[in-house]
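Trainee: Encoded as structure tokens, here's the structure I'll be asking about.
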Amino acid sequence: MTASSAPATTMPRAATAERTRARRPRRNWGNLSLVSPFLVFYVLFLVGPLVYDVVLSFFNTSLVKGGLGSFAGFGNYTELFRDHQFWSAMWHTILFTLVSTPPLVILPLFFAIVVNRIKRGQWFFRLAFFLPYILPSAAIALVWLFIYEPGYGLIAGFFNLIGVGDPGWLSDPNVALYSIVIVTVWWTIGFNFVLYLAGLQDINPDLYEAAGLDGASQWQQTWRITIPMLGRTTTLVTVLQVIASLKIFDQIYLILQGGPNYSSRPAIEWIYDTAFTSQRVGYASAASFILFIVILIVSFIWLALVRRQESGV
Amino acid sequence: MAVSASRPRTAGRRDRGSTRRRQRASLFTRATTGVVIALALLWLFPIAWALDTSVKSENDTIIVPATWAISHFTFSAYSGVFSASDLGRWYLNSAIVSIVVTVLTVITASMAGYALSRRQFRFKGLVYAAILAGIMIPPQALIVPLFREFQSVHLINTYWALILPQVPAPIAVFIFKKFFDGVPITLEQAAEVDGANWWVSYRRIALPLARPAIAAVSIFTFVWTWNNFLWPFLAATSQTMMTIPAGLGTVTDGVGIINALQMAEAVLGSLPLVFVFLLAQRQIVEGVAGTGLK
Amino acid sequence: MAHNDVRVGPNRFGPGRTLLSRRGFLAGTAAIGAGLVTAACGGTYNVGSGLTGSSGGDNNSTLVYWNLLTGGDGTHMVAMEDAFRQAHPQVDLQSTILAWGAPYYTKLSLAIRSGSPPDVAIMHLSRIHQYGPPGMLTPISEDLLAAHGMEPKDFTPLAFSKAHYNGQLLCIPLDTHPFVQYYNTKVCKKAGLLDSSGALPPIKSADAMLDALRKLKKVGATPVVCDTINDPATPWRLFYTLYSQAGGQVLADNGKDVVLNQTLAMKVLTFIHQLASEGLMNATVDPGGGTAIFQAGDAGLYWEGEWNVTVFQGANVPFSMQPYPALFGQAAAQADSHTFILPKRTTADPEKTSLALTMIRTLLGQSLTWAEGGHIPAWLPIRDSEAYKKLKPQSNYQEVASYAAYDPPAWYSGSGSDMENYLGEPLGDLMLGGMSPQATYSQMLGSLHTLSKEPVPV
């Protein structure tokens, strides 16, 4: 937007003309000054590291030594293809995403629809479901480690009460990841719940009235109006959920340390172990880049979906 | 909707089928509401349990079957926290980091958003596209090069390392830009005609108008920065520089049975966020909705 | 994007709809922040160090000490630290306990590399191959030792010799903690295993062990408990104990070569398999569960590290302890040592080093307290004392310190290491009866080959 150069009548014409001439280059620099602080941070700590990551992935950089280390070419990538531990970790991340996304999309939708109908006391549900979301992962990890504790933990006690043996929530490799899914659903459902609530409020109430006049039951209204109208929100929730799951680290590290026996270690923890325990920075950078590409692909899919929805609606 | 055409559909017309449907519907509604109420209570349970455990003596935390600490409770775990652990120091670090990051983020993002929305400059389109693309960069995938960056200038385990990488937030720029897009132009034009330059225009006009966006971005940035685990966990290598999540996730502050102590730590570490949540609940919620449905 | 997507508009966040306005919120936050800073400045918090990256212990009356002793022995360490604090009230000893295992070592090495390490820390002796080569530890000369009241002859020879790398002393041993055999005297008596003095005579062969276990089974006890769940270390320790007794080696050339002897390994693995298949061993427990079973008096034997002694004493279990019996020839038992290290700082600080050594000497003097927790003291003046000899059953197995089998030297081995984790898994499966000896051997060999081929990070 360029400001009109119509001078104010109160100013002498010569001075105004000069100011107009002088203003343009100054505005250019001024505007650049507005945007450059952000750009400095952006380049130094987001774009720069990304580029640096790609560079590192072509070298055998070690955490221990300075500099880039010896040139590896595509060696890191070819080694990654053969690395069972890495692909196991990627699989754990993907499995976690596949298992945790459906409940984190469907449950909050159900909750939001029901809660939206409640006239008073919505604050209570917002509190109950959203409060966990703002707690730090380290705090909830401590709480759930205590709850899952075999012997005197709450869940063990509950299972003993109903006479069923306590499955090794944190110690059985077949169960451990699902224990984390439970924790994650509890922890993050609030965010999606709120998104759905907002989406629900967007739906034109006249639609319901018209449907009611036509004799549609509440169930039919929900099924035929609410859920389709929430299509865009659902897409958003799903994609955000998938992307967040692909970045999973905190809960699995804090509660299981990637165990038992690395059976739950997600991709990011593998990257962490490789870079900081095995000290292979270059190798870990290659894996980081692969993970980044995966997340990028998912983001693009979302963009495509959104665009199609926009044009379709 | 299987309705025969012979029955007239007028509002207020009641017939037995419709009444029964309505009764079934309200029963259904009551049932589902009941289910959700029960689930909401279930959702609160772990937090309640953590609070309860934090006021027990350690021996009481391991008795089976578990009971509530109604008859006898003690605050020994809480006094133990501050004497036994570095939690006080972690509080300070978390506060410094979260507040500084929030201030810096709001300033840089609002300036950039304002410039992208309202001002012209060369390469504006390119810059905007680059920033948008940055929304898709996950910081977790960058921990290795970031660590290397700070390691090479010997700034690991300093506030610089904790604060600086958390400042750039492309999504915040986007939010501010969208916000300014929706603000009427005329005020600014008048100011410009009066001779205001870019800085004055930003400070005197844009900023005050942007209060709602600033509030939303501040709250989100503060919460997210406080809760950030992975990067502070990496960047703080001595326990005196850790933020609360990093400290809680690294240091075991006692030996033997320390359940009450750990629950007290979890409670204390979460307190500022609960405080923020209770005060700014509506804004957080609306912020989530706003940022989500961009 | 449709216009109604823009929800961040002034009409959505009108004033007065929140409990606190933005200004109030910021003011409140600033107040809290100011309060915290004031409180911090009043305390010993040094905000300035956070800007320059110096560690917290950078004034000469503070000593930062890291350890990973989260178990029962941790309480003994706390007692020893308190003794130091009483003897040196002008020193602020800040002790931090971190989670046991790989996370501890990762954090420790990151701290050393970032120039802000603790002043003194605990390190397992087996980890010297990971910390020694890259120069992460401050060497300790004999003169320096002597200046603080310590001499080479004061330490267990085996542990002390292993505390060297390239001829330099890099750590000071505190103890040796081996894999041992606990036995319930009441149950073993019932099975007719005890001798006239009420002690369990050393079992001299694998067959004799099987016999003893069968006898225990006949009297209705769990013959032996040895945990595997959530614990790859214990299966490794059992295997390595027996394998070392048979004279086998695992690695050579600092971990670059795998020399696992198939004959000897299969002999050991077959024996373990037999324990599982005959139902002579309960391995379906995690460390806590194993302790609980022995504590309840349901088991005859219990194979584990010696650190549970105070737990059982506290529960009044009728038990004793002995070196793990030599079933396959020579006497050997897997063991490791806790040692004190002086992490290397970016700039040497002789005063701080001296303070750290004083602390180490004081703690060594408290070795009797440490020994009560089960560990064999490396500090010979205490180990050879009457007081320790009277400490039963802890002193029963002190001889193991002279023939302890430490983990094979490699950058990837040691307590809590990748090797322990990778090998512990198939060994655990073997103990649970879920894997054949041959398959276990193949998997172990495969893991070792993978590890040995990884580039050395140093």
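Trainee: Give the average, rounded to an integer, of partner chain Cβ atoms located within 10 angstrom of each Cβ in C:76-85.
Mentor: Partner-chain Cβ atoms within 10 Å, mean over residues of C:76-85: 1.
Trainee: Using a Gaussian network model of chain B whose springs link C-alpha atoms within less than 10 Å, name the residue from B:E58, B:E265, B:E149 with the highest mean-square fluctuation.
Mentor: Judging by the Gaussian network model, the answer is B:E149.
Trainee: Let me confirm one metric for peptide B:264-274, namely the mean number of other chain beta-carbon atoms within 10 Å of its residues' beta-carbons.
Mentor: 4
Trainee: Return the lysines within reach of C:K217: Cα separation strictly under 21 angstrom, same-chain partners fewer than 8 residues apart disregarded; answer none if there are no such residues.
Mentor: The reachable lysines, counting only those whose Cα sits under 21 Å from C:K217, are C:K186, C:K189, C:K190, C:K204.
Trainee: Summarise the partner chain shielding of B:247-257 as one whole number: the mean count of Cβ atoms from other chains within 10 Å of each residue's Cβ.
Mentor: The mean count of partner-chain Cβ atoms within 10 Å per residue comes to 6.
Trainee: With a/c under 1.5 counting as rounded, go ahead and sort chain B into rounded, prolate or oblate using the C-alpha gyration tensor (a ≥ b ≥ c being the square roots of the eigenvalues; past the cut-off, prolate if a/b is larger than b/c, else oblate).
Mentor: Cα axes put chain B in the oblate bin.
Trainee: Cα centroid distance between the stretch C:210-249 and the stretch B:103-163, in Å?
Mentor: 57
Trainee: Please list C:206-213, C:281-288 highest first by mean number of surrounding beta-carbon atoms within 10 Å per residue.
Mentor: C:281-288, C:206-213
Trainee: Could you tell me how far the Cα centroid of the stretch A:168-216 sits from the Cα centroid of the stretch C:173-201, in Å?
Mentor: After rounding, the separation between the Cα centres reads 58 Å.
Trainee: Next up: Relative contact order for chain C: what is it in percent, counting Cα pairs under 8 Å that are at least 6 residues apart?
Mentor: This gives 24 percent for chain C.
Trainee: May I ask you to list the aspartates and glutamates whose Cα is less than 14 Å away from that of C:K389, ignoring any residue fewer than eight positions away on the same chain?
Mentor: Within reach: C:E372, C:E399.
Trainee: Among A:L127, A:L56, A:L246, whose mean-square fluctuation peaks in a Gaussian network model of chain A (Cα, cutoff 10 Å)?
Mentor: Among A:L127, A:L56, A:L246, the largest GNM mean-square fluctuation belongs to A:L127.
Trainee: I've got another one for you. Taking chain B as a Gaussian network, where each spring joins two C-alpha atoms under 10 Å apart, which residue of B:I96, B:I175, B:I137 fluctuates the most?
Mentor: Of B:I96, B:I175, B:I137, the most mobile in the Gaussian network model is B:I137.
Trainee: Under 5 Å between amide hydrogens, which residues at least 5 positions from C:L251 or on another chain qualify, with H placed 1.01 Å from N in the peptide plane?
Mentor: Answer set, sorted by chain and number: C:V259.
Trainee: What share of the DSSP beta bridges in the protein assembly as shown is antiparallel, in percent to the nearest 5?
Mentor: The answer is about 65 percent antiparallel.
Trainee: Under unit Cβ charges (Lys, Arg +1; Asp, Glu -1), what dipole magnitude, rounded to 20 debye, does chain A have relative to its Cα centre?
Mentor: With Lys and Arg at +1 and Asp and Glu at -1, about 1620 debye.
Trainee: Restricting the calculation to Cα positions, tell me the Rg (one decimal) and the Dmax (whole number) of the protein assembly as shown in Å.
Mentor: According to the Cα coordinates of the protein assembly as shown, Rg and Dmax are 32.6, 120 Å.
Trainee: Kindly put C:W379, B:W231 in sequence by how many other C-beta atoms sit within 10 Å of each C-beta, fewest to most.
Mentor: Fewest to most other Cβ atoms nearby, the residues stand as B:W231, C:W379.
Trainee: Kindly identify the stretch A:163-295 as rounded, prolate or oblate by the Cα gyration tensor criterion: order the square roots of the eigenvalues as a ≥ b ≥ c, call it rounded if a/c is under 1.5, otherwise compare a/b with b/c, prolate if a/b is larger, else oblate.
Mentor: Oblate is the answer for the stretch A:163-295, as a/c is 1.5 or above yet b/c matches or exceeds a/b.
Trainee: What residue among C:Y182, C:H148, C:L193 has its Cα farthest toward the positive end of the dipole of the stretch C:126-258, where the charges are +1 on Lys, Arg and -1 on Asp, Glu, each on the Cβ?
Mentor: After comparing all options, I get C:L193.
Trainee: Taking θ as phi - 60°, what are the ³J(HN,Hα) couplings along the stretch B:43-56 by the Karplus curve (6.51, -1.76, 1.60), each to the nearest whole Hz, with x for Gly and Pro?
Mentor: Values, residue by residue: 5, 6, 4, x, 5, 4, 5, 5, 4, 5, 5, 5, 9, 9 Hz.
Trainee: Among the lysines, which fall within straight-line cross-link reach of C:K107, defined as a Cα-Cα distance under 29 Å, with same-chain neighbours fewer than 8 residues apart omitted?
Mentor: A:K65, A:K247, C:K162, C:K256, C:K344, C:K352, C:K453
Trainee: Once amide H atoms are placed 1.01 Å from N in the peptide plane, what residues at a sequence separation of 5 or more from C:D175, or on another chain, have their amide H within under 5 Å of its amide H?
Mentor: C:H338, C:A378
Trainee: Then there's this: Which order do C:E81, C:E151 fall in if you start with the one that has the fewest other Cβ atoms within 10 Å?
Mentor: Fewest-to-most Cβ neighbours within 10 Å comes out as C:E151, C:E81.
Trainee: Check which residues have an amide H placed less than 5 Å from C:T96's amide H, if you skip close sequence neighbours.
Mentor: Answer set, sorted by chain and number: C:Y65, C:W66, C:N67.
Read the figures in this text as sums done on the coordinates, not as results from a lab. Computed from a predicted model, the values in this text were never measured in an experiment. Don't worry about glycine lacking a Cβ; one is built from the backbone with ideal geometry, like all the others, and counts go over all protein chains shown.
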